[in-house]
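A quick write-up on the structure given underneath.
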Amino acid sequence: MASATCFNALRQTTKPTASKTNVSKYTKCGVTKPSLSKSSAPSFSTQLAHRGFQSKSAHQISRRHESLRISQSISASADAAVPAETPPPAKPAKKPRLPALDSVRFFLIAYIATGHFVACATKDATILTFFTQINVVVGAFFVLSGYVAGYVATELGKYEASPRIEPAHKYIIGRIMGYYPLYFFVQLLFGAMFVYADNLYNGPIATAWHAFLTFTLSQAWFPAHAELWNAPTWFLSALTFAMVVVPFALPSIASWTKKNLKLAFGVLTSLSLIAKLAYSYDLGVWTILEGMTLPKLHPNMMFWNITRFHPFYALLEVLMGVVACRLVMLDGVDGDTEDKKPPASAAVVVVAMIGVLVARTFGWLTLNDPLTRVLIFLPLFTIFLMRVHRQTVYNGGAGFAGLMAAKPLVYLGNISFPIYIIHGPLGQLFYKKAIATKVFGFVFTKYPWFFGCYAVITLLFAMILHHGFVMNPTVQGWTKSVMGKVAKQLE
């Protein structure tokens, strides 16, 4: 700007008049204005000198302007070439722990384990009817497994899945190796007992085939042989199939709005219901209590086994759990106000679920196991999980969720998987005739009081397995190593 002012002032030297303002401009530029009075008019040479200075100054200033323009252009190009610094991505919302769900596992397995062997302790019809509704309650385990999978592998408050599900094969291996090592260990620990009983009834060739099915967790696909060796582990066989499918379904489910999630839950329930209706209608068993019906008295055990064991139906229930969890994880998103409401009571739903079992026990609700499961029990259990979840998140873990999160109950929940794995083999050891008579010379059904001892022994074994195997650093290191090697082979 100073150069431009000087240039303008110099141009005014050719004018015949001057003013005080002009003097100030010259003074500002450090140039003394010559007098232009008539008596001191500039000579011809002086005018030429001034004009030469003007031309030279104009040329220099023009070059300076051109240099400045080029410099600014280069600077702008450089700024455009260098991208603006990208702000670091926002950290995902931290998911609160849901300890109450650990306790739920214990209560479910306690009921199921009791139902498997309660007939060895009593002949009371009321007690037997109440505890043998296992095929109603076991569906809750699949829903719970899906709920936990959805919580861990999708983002809180976002319509997206967690990066941990990719690559899918690593996710699948990780999920399966979460339970297979203990399963494998117990298979080996009681392998001699399993082989002895199987060979006694079926011969060596069938025993070898059954060993293959159980070690590969394929037994649930064979309806007549789903309960081979460690009978309750048909559940793991069906769950394994679900875990193979889940990582491919999670991205889509995670992208759904609450409206679509509710629709999806209805569709999944309807698909499950169709299979149960087919079983009930074709066999005419609308009101049968399957847990109290001897196999030889059932009209078609093969059809019943397909209905209760098939992995595809287990997958539907696992996905129900995923969808239910996403409904809670999207609270407060896109104008939703669910997070502003006080959480509803979970205890009321527990009373309702127990009420369903009691009503069937006393004949007040005459509906078979699979229909009761899909129409009443699982919807109630899903509502229960969602309410416990919301109580934990929005109510500071108070109320029923706080009670379920008590440390003793959470610990029992932590050892619930060992309880599930070990209660079957121990039950066979004490109560299966071919094995108990071989080992002890008698079957413990002759001592009804021993059932309490069996429960305590199962609990102690579960604790030993939990601390000595599941939490063992060596076992954990071995598991991690195997996971890495298998994942590498599948890349």
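Is it the case, given these coordinates, that Leu213 is closer than 30 Å to Pro473 by Cβ, part of a helix (DSSP H, G or I) and without any contact (Cβ under 8 Å) to a residue 24 or more places away in the chain? Lay out the reasoning, then the answer.
On the way: closer than 30 Å to Pro473 by Cβ: no; part of a helix (DSSP H, G or I): yes; without any contact (Cβ under 8 Å) to a residue 24 or more places away in the chain: yes.
Here the answer is no, as Leu213 does not meet what is asked.
Before we move on, is Val143 of a type in the set (A, V, I, L, M), surrounded by 18 or more Cβ atoms within 10 Å (Cβ to Cβ) and more than 15 Å from the chain's Cα centre (by Cα)?
Values: of a type in the set (A, V, I, L, M): yes; surrounded by 18 or more Cβ atoms within 10 Å (Cβ to Cβ): yes; more than 15 Å from the chain's Cα centre (by Cα): no.
Taking the combined requirement at face value, the residue does not satisfy it.
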Handout entry: Check on Thr269, in a helix (DSSP H, G or I) and either surrounded by fewer than 21 Cβ atoms within 10 Å (Cβ to Cβ) or assigned by TED's automatic domain parsing to the domain that holds Ala119 (or both)
Key = yes
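Could you count how many residues in segment 386-396 are within 21 Å of Arg326 (Cβ to Cβ) and free of Cβ contacts under 8 Å to residues at least 40 places away in the same chain? Even if it seems obvious, please write down each step before you answer.
Step one: filter segment 386-396 for residues within 21 Å of Arg326 (Cβ to Cβ), giving 386-395.
Going one step further and asking which of them are free of Cβ contacts under 8 Å to residues at least 40 places away in the same chain, we end up with none.
So the answer is 0.
Tell me whether segment 333-353 contains one or more residues that are touching a Ser or Thr at 6+ places or on another chain (Cβ under 7 Å) and closer than 27 Å to Ser103 by Cα.
Initially, segment 333-353 is screened for residues touching a Ser or Thr at 6+ places or on another chain (Cβ under 7 Å), giving none.
No, every residue in segment 333-353 fails to be touching a Ser or Thr at 6+ places or on another chain (Cβ under 7 Å) and closer than 27 Å to Ser103 by Cα.
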Practice task
Please specify each residue of segment 363-385 satisfying the condition of being touching a residue at least 40 places away in the same chain (Cβ under 8 Å) and more than 25 Å from Leu315 (Cβ to Cβ).
Solution key: Thr366
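Taking the criterion of being of a type in the set (Val, Ile, Thr) and in contact with a His (Cβ under 9 Å, 6 or more places away or on another chain), would at least one residue in segment 460-477 satisfy it? Steps first, please.
Of the residues in segment 460-477, the ones of a type in the set (Val, Ile, Thr) are 464, 470, 474-475.
Remaining after also requiring in contact with a His (Cβ under 9 Å, 6 or more places away or on another chain): none.
For segment 460-477, residues of a type in the set (Val, Ile, Thr) and in contact with a His (Cβ under 9 Å, 6 or more places away or on another chain): absent.
Does Thr154 satisfy being more than 26 Å from Asn414 (Cβ to Cβ), touching a Leu at 6+ places or on another chain (Cβ under 9 Å) and either at pLDDT 90 or above or polar (S, T, N, Q) (or both)? Talk me through it step by step, then tell me what you get.
Details: more than 26 Å from Asn414 (Cβ to Cβ): no; touching a Leu at 6+ places or on another chain (Cβ under 9 Å): yes; either at pLDDT 90 or above or polar (S, T, N, Q) (or both): yes.
Criteria not met by Thr154.
Among the residues in segment 347-357, are any closer than 30 Å to Thr214 by Cβ, in the same structural domain as Ala278 (by TED's automatic domain parsing), surrounded by fewer than 23 Cβ atoms within 10 Å (Cβ to Cβ) and out of contact with any Phe, Trp or Tyr (no Cβ under 7 Å at 6 or more places or on another chain)? Don't jump to the end; show me each part of the working.
Initially, segment 347-357 is screened for residues closer than 30 Å to Thr214 by Cβ, giving none.
No - not one qualifying residue is present in segment 347-357.
This table checks each residue for (1) more than 19 Å from Pro370 (Cβ to Cβ); (2) surrounded by 15 or more Cβ atoms within 10 Å (Cβ to Cβ).
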{"position": "His225", "(1), (2)": "yes, yes"}
{"position": "Asn260", "(1), (2)": "yes, no"}
{"position": "Ala264", "(1), (2)": "yes, yes"}
{"position": "Ser280", "(1), (2)": "no, yes"}
{"position": "Leu294", "(1), (2)": "no, no"}
Problem - Where a residue in segment 443-456 is in contact (Cβ under 8 Å) with a residue 60 or more places away in the chain and assigned by TED's automatic domain parsing to the domain that holds Thr122 and its partner, wherever it lies, is surrounded by 12 or more Cβ atoms within 10 Å (Cβ to Cβ) and part of a loop (DSSP other than H, G, I, E, B), with Cβ under 6 Å and at least six apart - result: Pro448/Ala121; Phe451/Ala121
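Only one residue in Thr474, Thr445, Thr458 is hydroxyl-bearing (Ser, Thr, Tyr) and out of contact with any helix residue (DSSP H, G or I) (no Cβ under 8 Å at 6 or more places or on another chain). Which one? Steps first, please.
Numbers: Thr445 fails: out of contact with any helix residue (DSSP H, G or I) (no Cβ under 8 Å at 6 or more places or on another chain); Thr458 fails: out of contact with any helix residue (DSSP H, G or I) (no Cβ under 8 Å at 6 or more places or on another chain).
After applying the criteria, what remains is Thr474.
Out of Ala436, Ala406, Ala346, which single residue is farther than 30 Å from Tyr281 by Cα and without any contact (Cβ under 8 Å) to a residue 12 or more places away in the chain?
Result: Ala436 is the single residue among Ala436, Ala406, Ala346 that is farther than 30 Å from Tyr281 by Cα and without any contact (Cβ under 8 Å) to a residue 12 or more places away in the chain.
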Fill in the blank from the handout: Scanning segment 427-451 residue by residue, those of a type in the set (Lys, Arg) and in a helix (DSSP H, G or I) turn out to be Lys433, Lys438, Lys446
Fill in the blank from the handout: Scanning segment 240-283 for residues that are of a type in the set (A, V, I, L, M, F, W, C) and in contact with a His (Cβ under 9 Å, 6 or more places away or on another chain), the one farthest from Ala324 (Cα to Cα) turns out to be Leu283
Handout entry: Residue ID - modelled with the lowest pLDDT, chosen from residues in segment 170-192 that are of a type in the set (Phe, Trp, Tyr) and in a helix (DSSP H, G or I)
Key = Tyr171
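The values are calculated or read from the model by the stated rules, or taken from the named source; none is laboratory data. It should be emphasised that the depicted structure is a prediction, and the values quoted were computed from it without experimental measurement. Heads up, the Cβs are rebuilt from the backbone with ideal geometry, glycines too, and the neighbour counts pull from every protein chain shown.
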